[in-house]
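Every number in this text was worked out from the coordinates using simple rules, so none of it is lab data. All figures in this text were calculated on a predicted structure; none of them were measured in a lab. Cβ: placed from backbone, ideal geometry, glycine included. Neighbour counts: every protein chain shown.
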Amino acid sequence: MTQRWPRIRFTLFCFLVVATSPTISAPAYAIDGNDWLKLSEQTRGLYVIGVVDTWGNIKALFDERKDQGSPPNATDSLFIKVADCASGKPYSQNIAIVEKYMKDNPERWQYAMASAIWIAIFRTCEQK
């Protein structure tokens, strides 16, 4: 459990930075691709890191449920697969994946950024 605390603190810090940034026109949890693209490069990266770290924290809850004898269902298994894939990459690689996805898919900029991050990383993980 003590190994997770640094990640949890860092995730909370990232969300705090993004949520208090004066360049965001909507709450951090509700920004779309257009809002995300208006952020500084550093803040965009922190947003991606925050989302990916949150997946890791949620996956830890799935792991605890599994340890208690509750096997994951199909949706849980998909989530776990993508969360593991993302957490197995350096932050810089996840950020680059999302930046490339956004550059290559301007027709999707009006959608929620958290969903765009999921799709970008999911597609990359499926290519393995």
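Just a few scattered comments:
- Computed label-point distance, nm, for sites residue 40 and residue 60 using a 7 Å Cα→Cβ extension: 2.8
- Between residue 93 and residue 67, the C-beta separation translates, for a Förster distance of 30 Å, into a calculated FRET efficiency of about 0.55.
- Between residue 109 and residue 74, the FRET efficiency estimated from the beta carbon spacing at R0 = 22 angstrom works out to 0.15.
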